[in-house]
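Student: Let me begin by handing over the structure; questions about it come next.
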Amino acid sequence: MYAVYILECADKTLYAGSTNDLKKRLRQHNESKQGAHYTKIRRPVTLKYSEQFRTLGRARAREAEIKRWSREKKLELIRRPRQSAKK
């Protein structure tokens, strides 16, 4: 399984990404040198949203879609009730 996620950084900015191991990736963003530079300088980060996908291609496509969105649209997604269906 793959996940697309949105993090909120300490400065209240949002960061979207994708991974095949969400717990590990969140730990990397907060503690490791392997986290994205954007989040490394804005720690700590908190997970605000995630979606599960069966394929990497679908996860990456969704990540790219979310990254094009405005902050407000990302916040609407975070506030929306979550769906449990795997895509």
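The values are calculated or read from the model by the stated rules, or taken from the named source; none is laboratory data. Just so it is clear, the structure is predicted and the values come from calculations on it, not from any experiment. Counting neighbours? That spans all protein chains shown, and the Cβs are built from the backbone with ideal geometry, glycine included.
Student: For residues in the range 31-47 being of a type outside the set (V, I, T) and assigned to a helix (DSSP H, G or I), which is farthest from E76 (Cα to Cα)?
Tutor: Looking at residues that are of a type outside the set (V, I, T) and assigned to a helix (DSSP H, G or I), I get E31.
Listed here are the residues, each with its yes/no results for (1) more than 19 Å from I78 (Cβ to Cβ); (2) in a strand (DSSP E or B); (3) modelled with pLDDT of 95 or more.
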site: S18; (1), (2), (3): no, yes, yes
site: K24; (1), (2), (3): yes, no, yes
site: H29; (1), (2), (3): no, no, yes
site: Y49; (1), (2), (3): no, yes, yes
site: Q52; (1), (2), (3): no, yes, yes
site: G57; (1), (2), (3): yes, no, yes
site: R60; (1), (2), (3): yes, no, yes
site: A64; (1), (2), (3): no, no, yes
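Student: Considering the range 10-46 alone, what residues qualify as being buried (at least 16 other Cβ atoms within 10 Å of the Cβ) and under 21 Å from R82 (Cβ atoms)?
Tutor: L14, Y15, A16, G17, S18, T19, L22, R25, L26, H29, V45 - these are the residues of the range 10-46 that are buried (at least 16 other Cβ atoms within 10 Å of the Cβ) and under 21 Å from R82 (Cβ atoms).
Condition check ((1) touching a strand residue (DSSP E or B) at 6+ places or on another chain (Cβ under 7 Å); (2) β-branched (V, I, T)) across all residues:
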| residue | (1), (2) |
| --- | --- |
| I41 | no, yes |
| K48 | yes, no |
| F53 | yes, no |
| L56 | yes, no |
| L75 | no, no |
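Student: Return the residues of the range 47-61 that are surrounded by 12 or more Cβ atoms within 10 Å (Cβ to Cβ) and either within 15 Å of D21 (Cα to Cα) or of a type in the set (K, R) (or both); say none if nothing qualifies.
Tutor: Of the residues in the range 47-61, the ones surrounded by 12 or more Cβ atoms within 10 Å (Cβ to Cβ) are 47-53, 56, 58-61.
Result: L47, K48, Y49, S50, E51, Q52, F53, L56, R58, A59, R60.
Student: Would you please name the residue that is nearest to the chain's Cα centre (by Cα), looking only at residues in the range 38-68 that are without any contact (Cβ under 8 Å) to a residue 12 or more places away in the chain and more than 18 Å from A3 (Cα to Cα)?
Tutor: Out of the qualifying residues, it is K40.
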